Each structure stands twice: as C-alpha cells, then as structure tokens.
Amino acid sequence: MDQCCTANDARDAHRHPPRRISLLGATGSIGKSTIDLIKRNPDRFKVVALVAGRDCGALADLVRDLKPEFAALRDETRLGDFKSAVEGTGVPVGAGRSAVIEAAKLDADLVVSAIVGAAGVEPTHAALAPGRVIALANKECLVCAGAPFMRAAREAGAVLLPVDSEHNAIFQALGGTDPATIELMTITASGGPFRQWSKEAIESATLEQALKHPNWSMGPKNTLDSATLMNKGLELIEAHHLFGVPAERLTVVVHPQSIIHGLVYFADGSVTAGMAAPDMRVPIAHCLSYPDRMQAPTKRLDLATIGALTFERPDLDRFPALRIAQSALAAGGGLPTVLNAANEMAVEAFLHRRIGFADIARHVEAAIEAALKRGASREPATIAEALAVDHNTRELSRALLAA
C-alpha cells in the first residue's frame, strides 16, 4: 500500500488547511468513534460529507453539530423527515442511492468507509479517486468484491488504509516489508461471549447472550459475527486481498485479552505484533492522521498490570462458521461473495428471532452448497457482478430460510 504523502508533509499539517473528511456510516459505532476524534482535533479535520442508513434523527444532530457540505440518508422514505430535521442549517441533504453516491464522490482527502455490510460496497467504490485515502472499515468491500475492488483502487490511484483493528495492527507491523519475506500472518480473536461454552450450550444461546461481547463495543451485526467467529473468517478473506497473502499463510488464534490484534511472522524467524487496548479509536486515529501520529484519548497499555496474555487455537467444531469461511477462502471464486451474503441474511434472521444461534452457520453452509449447484464458483470480474451474486444469494437465502 503506497503512502499518499511524506511524513514531513504530515508533520507540517498545521500549516495546511484541515484534512477534508467524508464519513460513510456516521451514526454507527465506527462513525461515532471517528467523530469523537475529529471533534477533539477541530483544527486538523473538516467534515465535508455525512452518510447514514435510517437514523434520521441522529444524522440530523450531526449535521447541526458538524455543518458538513452535504449529508445523505440511505433510506429515501425518510427524506421529508430529514429535511425538516435539518431545516435552518443551510446544509444541502438528500436520500436514497444517488444521494449516498453523491456524498461518496464529494471532494475529500479521506473517506471513512464505515457502512455495515454489502450496502457499503457501491458507495466505497464510488469514493475511489486519485490520491484519495480510503479508511476501510467496511470489510465487505473485500469479502464480497475483493479482486475487482482492489483492481479499481489501483487503477484509481487511491490509498487503502485498514480500520479493522486486526488489519491495522498488521499494516503497522509490516512497516513496508516486502511481502515475499512474510511466512505467516495471524489475526487474533477474543473468542466472543461463548469462548468457554460447550457445543450444546452454544446451540441454545439466546440473542441477548450473543450480544454481550466481553471486550468490544460494536453494532449488533459485528457483535453476532464475533459470537459465531464468522468475523474472523471474513477478516481472513479481507487480509488475503488487502495484503496479497495466500490463504494457506493466514491463520487465527484466540486471544481473550484482545491486546495483541495481529502478528506477522517473517522469513528470518522474527515476529512483529501489533498491540493496543481494545478501543477502535486506536486504528481510526492511525488512519485519520496517517502517515503521522495524533493524540488519542485511549487507554495506554500497562503490561505489568495486565500480567499475562493467553492464546488458544480456535475450536472449529464448536464454531463451524470459521471453518466454513476458511473453506470459502481456499476455494475462492464467487464463494466468499456467497458466504458474506448468506451470513448477513442469517444474522438478520437471528436478530429477528426467526432462527436459532447455531442455525446461522448451518444456513451459510446450506446456501453455499445451493449456490454451487447454480454455478456460483466463478469469481466476479467487476463490482457489478459481485453485487449481482450478492443479490442472487440473498434471494436464495430467503427461500432457504422460508422453507
């Protein structure tokens, strides 16, 4: 990943206008953490565009507070309410797909891509532009459309910086090292709320239990992915595209303390680990100020107080979602796209109490098998093809879930 400017340029940032920031997914957990950092550094950043999904009131509050140049709501049915809520601000607003794309394309130095799920793929793709930095928190861009998205980023001359704590830690640990010297990359998993539960207990886990993450504060979709360990499978696919490392050199280790987020093993036997307190403001701050560093109000590590860091191998019998994702990555083609869409549908069904917790992984595996029979093994060549596979998989999932 190429740097967008020199370190000296960044250290002289106070001599230049504030960095122009567009925030896609402003009302979610990543958006809130990003805004917290921006508001603590008002001289360094200027918010130019805000995008949210359905939360009209929360987005209107941000418009009044941050005074962006444009704001968009993905839910076009709320446009009237949104306009009323921001009346008097003088900020132009819109709603629906075209408005979200307009916001993504607005002139900005850095775009934070934090829309959850495949809904973030199209606007993030639209945001790609020469020299523009994309702080990528939407892993689906690479899980759903990895090869065409990375190709589009290269062709556009955009810079991708990973916001996921694991990939950001690895990115920092790499330090520009030649990928050929990397023997192994490992991302860590907290193990989620069910790390020590039996297979039988996990089978009957409730929604409330699944949403109680021991370390991280995240939205419901990401929290449930952590509970199934599907999030680690999706992150392996993301790392494969982001760093160009083959599937056989990507591994997962369970690390309950969530202090080490990623490790890189080099050909000379050395290992570099990225460490930080479990706070998403750490990787977000790195991306906002890259290639420089900025102050962040995050807890500092005191290893003597922590005392011990422990590690376990993931149990693929109790957490089959990770096994299914690893198989999809190894098989390649269109299967990661199918995996992601089927998982989103299953998670939504569990959130609405239509299926049980263990049914999430079972549904994803069944959807992959059904999609293979329909010829879903070919890798999408374009973003449009990837979104078409995503759409078809959702239709297939609806039928399977209704059966």
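If we scan the stretch 228-239, do we find a residue that is at pLDDT 95 or above, more than 23 Å from Ser22 (Cα to Cα), within 16 Å of the chain's Cα centre (by Cα) and charged (D, E, K, R)? So far as the stretch 228-239 goes, yes, one or more of its residues are at pLDDT 95 or above, more than 23 Å from Ser22 (Cα to Cα), within 16 Å of the chain's Cα centre (by Cα) and charged (D, E, K, R). Going through (1) in contact with a Cys (Cβ under 7 Å, 6 or more places away or on another chain); (2) at pLDDT below 95 one by one, Arg378 falls short only on (1). Counting only strands (runs of 3 or more DSSP E) that sit wholly inside the stretch 60-122, those with at least 2 residues that are closer than 26 Å to Glu238 by Cβ and either assigned by TED's automatic domain parsing to the domain that holds Lys139 or more than 22 Å from the chain's Cα centre (by Cα) (or both) are 110-113. Of all residues in the stretch 142-166, those being of a type outside the set (S, T, N, Q) and under 17 Å from Ile284 (Cβ atoms) number 7. Residues that are under 18 Å from Leu73 (Cβ atoms) and surrounded by fewer than 20 Cβ atoms within 10 Å (Cβ to Cβ) within the stretch 123-134 comprise just one, Ala126. Within the stretch 280-305, the set of residues being among the small types (Gly, Ala, Ser) and loosely packed, with under 10 Cβ neighbours inside 10 Å comprises Ala304 only.
Annotation: of all residues in the stretch 210-227 being closer than 16 Å to His352 by Cα and either touching a residue at least 60 places away in the same chain (Cβ under 8 Å) or in a loop (DSSP other than H, G, I, E, B) (or both), the one that is nearest to the chain's Cα centre (by Cα) is Asn222.
Out of all the residues in the stretch 259-272, is one or more surrounded by 23 or more Cβ atoms within 10 Å (Cβ to Cβ) and among the polar types (S, T, N, Q)? Checking the stretch 259-272: not a single residue is surrounded by 23 or more Cβ atoms within 10 Å (Cβ to Cβ) and among the polar types (S, T, N, Q). Summed over the stretch 348-403, residues that are closer than 17 Å to Gly334 by Cβ and either in contact with a strand residue (DSSP E or B) (Cβ under 9 Å, 6 or more places away or on another chain) or among the charged types (D, E, K, R) (or both) total 10. In the set (1) outside any helix (DSSP H, G or I); (2) surrounded by fewer than 18 Cβ atoms within 10 Å (Cβ to Cβ), the condition left unmet by Ala330 is number (1). Restricting attention to the stretch 265-299, the residues that are among the small types (Gly, Ala, Ser) and in a strand (DSSP E or B) total 2. Screening Pro214 with (1) closer than 16 Å to Met280 by Cα; (2) surrounded by 19 or more Cβ atoms within 10 Å (Cβ to Cβ); (3) not polar (S, T, N, Q) gives one miss only, at (2). In the set (1) part of a loop (DSSP other than H, G, I, E, B); (2) in contact (Cβ under 8 Å) with a residue 60 or more places away in the chain; (3) within 25 Å of Ile30 (Cβ to Cβ), Asp317 fails one condition alone, (3).
In the set (1) aliphatic (A, V, I, L, M); (2) within 16 Å of Pro278 (Cβ to Cβ); (3) in a helix (DSSP H, G or I), Ala173 fails one condition alone, (2). Screening the candidates Ala239, Ala169 for the property of being among the small types (Gly, Ala, Ser) and outside the structural domain of Leu329 (by TED's automatic domain parsing) yields one hit, Ala169.
The values are calculated or read from the model by the stated rules, or taken from the named source; none is laboratory data. Small disclaimer: the values here were computed from a predicted structure and weren't measured. With ideal geometry, Cβ positions are generated from the backbone for all residues, glycine too; neighbour counts draw on all protein chains shown.
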